[in-house]
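Colleague: Take this structure, written in structure tokens, and hold onto it; I'll ask about it next.
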There are 2 protein chains.
Amino acid sequence: MSKSFFRFQWVWLLLALSGPILAQPPRGPLVVSPQVNPDKTVTFRYLAPSAGEVKLSAQFEKAPVAMTRDAQGIWSVTVGPVKPDIYPYSFQVDGVTVMDPANVAFFPNERFKASLVDVPGDTPLIHAMRDVPHGAVHYEYYPSIEGTTGSLVVYTPPGYDQFPSRKYPVFYLISGTTDTEETFFKVGKTNLILDNLIAEGRARHMIIVMPYGNMAARVAEQKGGSKPADPTVRDGADAVKRAKDFETDLVTNVIPYIEKSYRTVPGRENRAIGGFSRGGGQTLRTAFGNLDKFAWVCSYSSYLSPQEMDRSFPQIGGNPDQTNRQLKLLWVSVGSDDFLYKGTVEFMDYLKDKKVQFKSRITDGGHTWMNVKKYVAETAPLLFQP
Amino acid sequence: MSKSFFRFQWVWLLLALSGPILAQPPRGPLVVSPQVNPDKTVTFRYLAPSAGEVKLSAQFEKAPVAMTRDAQGIWSVTVGPVKPDIYPYSFQVDGVTVMDPANVAFFPNERFKASLVDVPGDTPLIHAMRDVPHGAVHYEYYPSIEGTTGSLVVYTPPGYDQFPSRKYPVFYLISGTTDTEETFFKVGKTNLILDNLIAEGRARHMIIVMPYGNMAARVAEQKGGSKPADPTVRDGADAVKRAKDFETDLVTNVIPYIEKSYRTVPGRENRAIGGFSRGGGQTLRTAFGNLDKFAWVCSYSSYLSPQEMDRSFPQIGGNPDQTNRQLKLLWVSVGSDDFLYKGTVEFMDYLKDKKVQFKSRITDGGHTWMNVKKYVAETAPLLFQP
């Protein structure tokens, strides 16, 4: 790897070290990608002199878009105008999916690799870096299940360090299947959304805790040693154990760790839980199984089936008056193109039928992080309000 | 993108949501990679049914290694035994370099994409996650040059939150060319190295601040708007401006921000600066230009030329008694296979000739993060000692 791996480092380093002494060394073309143009079109570029075919695969395009090669071997395409938002994309190089090597912004995920392109709005969007007071994001380790060390990403709001006597409510926020504990930060821009909502006076100052949802992978990595658990073997019992493990870890390990390490207001009315996709399922199971711990519940693009509700959480629909007294918010949202749309609407119908109060929001779009950002921006202002 | 992009999410999500209700849906093979075996060999796997050739490119191999395809279209190879360490690697799929899509551990960099494989030692290495008290890592925004918002990664040692009256010395640590502010955390494992050294009583509790070194890129991104500065146009004056911009930002923006936001001990004897590659050059320039601000200096795999020293920092060699009084540590290290070996040895010879005291360390290996981890583990114990 060493030679090609460090080609650019060589060049840049020599330039940086050399100052005006060295003549400019020879080098390959430096590729700029993505380039967002003033008219909201976006130019993508990828250097691959020997490739036969390169395509752009982007979440704002229905199908991969062919790119064309110039004399230097740089493939490019200009697409759009694109509706302002942050989108995952990748290149398909002779059928192989690759991230954009010229772009640092990436999508943390266990199973696919994608880069991110940020098309800014004419007025800054709710997830944009604005000139407002910023909170901070913290990476923490904590003692987790089965003797493993868990990882958490934690947002503290602006002013957290300046006012050491203030205490804050906590929103536990769980990302989707094969996402990691970094995805709500790196893709969801949850910290910037909160900074902006707080600056506008629209959301309360709160701590947001983003755990890792895949307990089985953590245990396999840390305790499996040289023989990782075979993740292709999964049966029903396994799936239930995984869901239960998450709930156990959150309630017995994560919450006590956070309440020891951060300045939190205790009690169920100062704890919210939310999540996307698998994280939404974990949210509903954990909340319905622990109503003494959570009063605010947000399910983004996920649901539990009526059968699952009746079997595992009969008291939710069975005693709606009690449920409605306990839950300050039950929010259920989904995109009309989401492959989970039908199941989510069935879940809403179940709640309606059982007279369980909830707020619902059906948006355009599919099972995407563009929608997750929207849902976070809509729900954060509702949390911890009188 | 949507279909193939979410293939695995579909599967995992359905399993997670379904519990014991749904039968197992059909799915493609789940690829496990990398797999470190008990004998320290490592098996790499990559799913590409239609590829013609797949190779492994790893920093522990001198040349790419051919992989072989099984009936399912999974390419694999087992290499080693590999000397325990953390190594960057990637796959070359029909000549295209790609990260390992099955591996979350990646190398944050502006120009190349690589994954990371961690081969553990029989006894845990200095960068391993051990069962010791852990510090935390914080992502911060601060007001930077030219009206931009800068980003910092900050390590606080174990106990920082438990002892609110304690103050700490600060080590400013700058990563290499095309690295980002995340590289010392994600690749260098600086937080775990310090956790372990502190647990062993070998290093003082300290704060470590990891800034982003590429000022020009930040300004272009945030102020260039839709028309990014053309990074292919660089001349000598540009290189000098970039180096100066970094120094100005560190001294006038970063240090005041850190000393306002964290509990630091003031004064030059409680400030260290170090860096790798381009960051080492920035370290030497910033330290030699601001000896009133830094007393501890670590240059990892980098140097300034004798001509540059004489022209820009004549007082360093011109008044060695004063230099030696001011510098509590000047450390210079390089690998014997590093492409900067010759220049670094010339720098050492220059210092020797001028009677400037320094500590030097020449190791095996090249211009790699395996060496950077070693250098951090060797220098951190020297910092802020009486």
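Colleague: In nm, what is the difference between 0.36 nm times the number of residues separating B:Ala63 and B:Lys354 and their Cα-Cα distance?
Modeller: Values: separation 291, 0.36 × 291 = 104.76 nm, distance 4.15 nm.
So the chain would gain 100.6 nm between B:Ala63 and B:Lys354.
Colleague: Compute the acute angle (0 to 90°) between the alpha-carbon long axis of helix A:278-289 and the principal axis of greatest extent of the alpha-carbon atoms of chain A; round to the nearest 10°.
Modeller: 20 degrees
Colleague: Hey, another quick one. Between A:Phe163, A:Phe276, A:Phe44, find the one with the highest GNM mean-square fluctuation for chain A; connect C-alpha pairs within less than 10 Å.
Modeller: The residue with the greatest mean-square fluctuation here is A:Phe163.
Colleague: Which order results if A:Ser299, A:Ser33 are arranged by neighbouring Cβ count within 10 Å, fewest first?
Modeller: Ascending number of Cβ neighbours within 10 Å: A:Ser33, A:Ser299.
Colleague: Shape call for region A:84-215 from the C-alpha gyration tensor, a ≥ b ≥ c root eigenvalues: rounded (a/c under 1.5), prolate (a/b greater than b/c) or oblate?
Modeller: oblate
Colleague: Taking each residue in A:97-103, count the Cβ atoms of any other chain within 10 Å of its Cβ, then average. What number comes out? Kindly include the intermediate steps, with their values, before the conclusion.
Modeller: On the way: counts 8, 9, 5, 1, 11, 4, 3.
Average per residue, whole number: 6.
Colleague: Counting other C-beta atoms within 10 Å, which of A:Glu259, A:Glu146, A:Glu140 has the fewest, and how do the rest follow?
Modeller: A:Glu146, A:Glu259, A:Glu140
Colleague: Going by a ≥ b ≥ c, the root eigenvalues of the Cα gyration tensor, does region A:31-119 fall in the rounded group (a/c under 1.5), the prolate group (a/b larger than b/c) or the oblate group?
Modeller: Here region A:31-119 falls in the oblate category.
Colleague: Continuing with this model, one more query. Only bridges whose two residues both fall in chain A count here: according to DSSP, what percent of them are antiparallel, nearest 5?
Modeller: Looking only at bridges with both residues in chain A, the antiparallel portion is about 60 percent.
Colleague: Could I ask something else about it? Report, in deg cm²/dmol and to the nearest 500, the calculated mean residue ellipticity at 222 nm for the protein assembly as shown, where each DSSP H run with n ≥ 4 adds -39500 (n - 2.57) and the sum is divided by the residue count.
Modeller: -8500 deg cm²/dmol
Colleague: Mind pulling the angle between the C-alpha long axis of helix B:369-379 and the longest principal axis of chain B? Nearest 10 degrees, somewhere in 0 to 90.
Modeller: 40 degrees
Colleague: Further, regarding this structure: Mind putting a number on the dipole of region B:31-119 about its Cα centre? Charges go on the C-beta only, +1 for Lys and Arg and -1 for Asp and Glu, and I need it in Debye to the nearest 20.
Modeller: Values: 8 positive and 9 negative charges, 17 e Å.
So the magnitude is around 80 debye.
Colleague: Other chains near A:69-76: what is the mean number of their Cβ atoms within 10 Å of each residue's Cβ?
Modeller: Whole-number average of other-chain Cβ neighbours for A:69-76 is 0.
Colleague: Report the calculated FRET efficiency for A:Asp161 and B:Glu200 (r = Cβ-Cβ distance, R0 = 30 Å), to the nearest 0.05.
Modeller: 0.50
Colleague: If the cut-off is a Cα-Cα distance under 18 Å, which lysines reach A:Lys167, setting aside same-chain residues fewer than 8 apart in sequence?
Modeller: Straight-line reach from A:Lys167, under 18 Å: A:Lys260, A:Lys293.
Colleague: Okay, moving on. Placing unit charges on C-beta atoms (Lys and Arg positive, Asp and Glu negative, everything else neutral), compute the dipole magnitude of the protein assembly as shown about its Cα centre in debye, rounded to 20. Provide the component values of the computation, followed by the final result.
Modeller: On the way: 86 positive and 78 negative charges, 167 e Å.
It comes to approximately 800 debye.
Colleague: Relative to the longest principal axis of chain A, what angle (0 to 90°, nearest 10) does the C-alpha long axis of helix A:341-353 take?
Modeller: 20 degrees
Colleague: Under a crude label model (7 Å from the Cα following the beta-carbon direction), how far is A:Asp364 from B:Lys241 in nanometres?
Modeller: Going by the 7 Å Cα→Cβ label model, 4.1 nm.
Colleague: Sticking with this structure for a sec: Comparing A:Thr252, A:Thr368, A:Thr283, which has the greatest mean-square fluctuation in the GNM of chain A with Cα pairs linked when under 10 Å apart?
Modeller: Largest GNM mean-square fluctuation: A:Thr252.
Colleague: Can I ask one more? Which Cα, out of A:Gln222, B:Pro88, A:Leu116, lies furthest along the positive dipole direction of the protein assembly as shown (beta carbon charges, K/R +1, D/E -1)?
Modeller: Checked the options; the winner is A:Gln222.
Colleague: Given 0.36 nm per residue, what is the gain on full extension from B:Gln307 to B:Thr41 after removing their alpha carbon distance, in nm?
Modeller: 91.1 nm
Colleague: Another one. Which shape class applies to chain B: rounded if a/c is under 1.5, otherwise prolate when a/b exceeds b/c and oblate if not, where a ≥ b ≥ c are the square roots of the Cα gyration tensor eigenvalues?
Modeller: It is prolate, given that a/c is not under 1.5 and a/b is the larger ratio.
Colleague: Fewest first, what order do B:Trp369, B:Trp75 take by the number of other Cβ atoms within 10 Å?
Modeller: With the fewest neighbours first, B:Trp369, B:Trp75 line up as B:Trp75, B:Trp369.
Colleague: Hey, rough spin-label estimate for A:Asp70 and B:Gln315, points 7 angstrom out along Cα→Cβ, what's it come to in nanometres?
Modeller: Each label point is offset 7 Å from its Cα along the Cβ direction, giving 4.7 nm.
Colleague: Let me ask you something else. Filter A:Lys186/A:Lys342; A:Lys40/B:Lys223; A:Lys83/B:Lys223; B:Lys62/B:Lys352; A:Lys328/A:Lys352 down to the pairs with a C-alpha to C-alpha distance above 24 Å, please.
Modeller: A:Lys186/A:Lys342; B:Lys62/B:Lys352
Colleague: If I model a spin label as a point 7 Å beyond the Cα along the Cα-Cβ vector, how far apart are those points for B:Glu269 and A:Ser50 in nm?
Modeller: Each label point lies 7 Å from its Cα, and together they span 5.9 nm.
Colleague: Please identify which residues in region B:66-81 have an amide N closer than 17 Å to a label point set 7 Å out from the Cα of B:Asp122, following the Cα→Cβ vector.
Modeller: Taking a point 7 Å out along Cα→Cβ of B:Asp122, the residues of region B:66-81 whose backbone N falls under 17 Å are B:81.
Colleague: Shifting gears a bit: Please enumerate, by chain and number, the aspartates and glutamates with C-alpha under 17 Å from the C-alpha of B:Lys359, excluding those fewer than 8 residues away in the same chain.
Modeller: B:Asp321, B:Glu346, B:Asp349, B:Glu378
The numbers here are math on the coordinates, done by the rules we state, and not lab data. Being a predicted model, the structure only gives us computed values, none of them experimental. No Cβ is skipped: glycine too gets one built from the backbone with ideal geometry, and neighbour counts run over all protein chains shown.
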